[in-house]
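Notes for the one structure printed next.
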Amino acid sequence: MITILPLAPEHQPVIDSLLDDRFGPARRNRTAYRLRDRADVLGDFSFVAMDGDTLVGSLQCWPIRLKSVGGARLPMILLGPVAVAASREGQGIASALMRTSLAALDAADSPPVLLIGDAPFYGRFGFSAAATRHWELPGPVDHDRLLLRGPTTGLPRIAWVEAAASGNPPRTAKVA
């Protein structure tokens, strides 16, 4: 029986092993990791999937910002990585983690949520690449995989996605 629990500090070593197993040690070279550098995970929105005492999945969220050409910085949340143990794929664990995290984000009236991932999977949770086509990141990105969920009214068409300072979690910003 799978239980979804809030991420706790003691989970981190096992999560790191899971991420290495699923994405390889070179995962730290990916663009998303540049956005996570020096940031603290947002514990209210990050979860693990447990089968008894065994961690079989994880989902983490991080503070980021969207910087407009004019210099305005809007808070956002970066969702990911989402990982499930290879032996547990196809059992709905990633979907359960997504539903739990998104419910927590929605309950907190969070700023828009961004991720880099597969549109066929994440699209069913309301993510789309429609608003992100002209956004730049601190590294290469396939813009078909740069997916956003949340209100897009008032978001800049051209912008820079950047890391947010650690210790300053994003606050809800109503974008006019």
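Considering only the other residues whose Cβ falls under 15 Å of the Cβ of residue 24, what net charge follows from Lys and Arg at +1 and Asp and Glu at -1? The answer is +1. Local charge for residue 74 was computed over the other residues whose Cβ lies under 9 Å away, with Lys and Arg +1 and Asp and Glu -1, and equals +3. With helices as the sole contributors, the chain gives -6000 deg cm²/dmol at 222 nm; each DSSP H run of n ≥ 4 counts as -39500 (n - 2.57), and the sum is divided by every residue. Loop-located trypsin sites (Lys or Arg not before Pro) in the range 64-142 (DSSP state other than H, G, I, E, B) with a sparse environment of at most 14 neighbouring Cβ atoms within 10 Å: 133. Pairs of C-alpha atoms in the range 52-136 farther apart than 16 Å represent 59 percent of all such pairs. Taking Rg and Dmax of the Cα atoms in Å as calculated from this structure, the corresponding entry among (1) 26.8, 105; (2) 18.6, 56; (3) 15.6, 50 is (3). Computed extension length for residue 99-residue 16: 27.7 nm, one decimal, from 0.36 nm per residue of separation with the Cα-Cα distance subtracted.
Taking 7 Å steps out from each Cα toward its Cβ at residue 67 and residue 2 produces label points 3.8 nm apart.
A short reminder: the numbers here are calculations on the coordinates, not readings from a lab. In this text, all values refer to a predicted model and were calculated from it rather than measured experimentally. Every residue, glycine among them, receives a Cβ derived from its backbone with ideal geometry; neighbour counts consider all protein chains shown.
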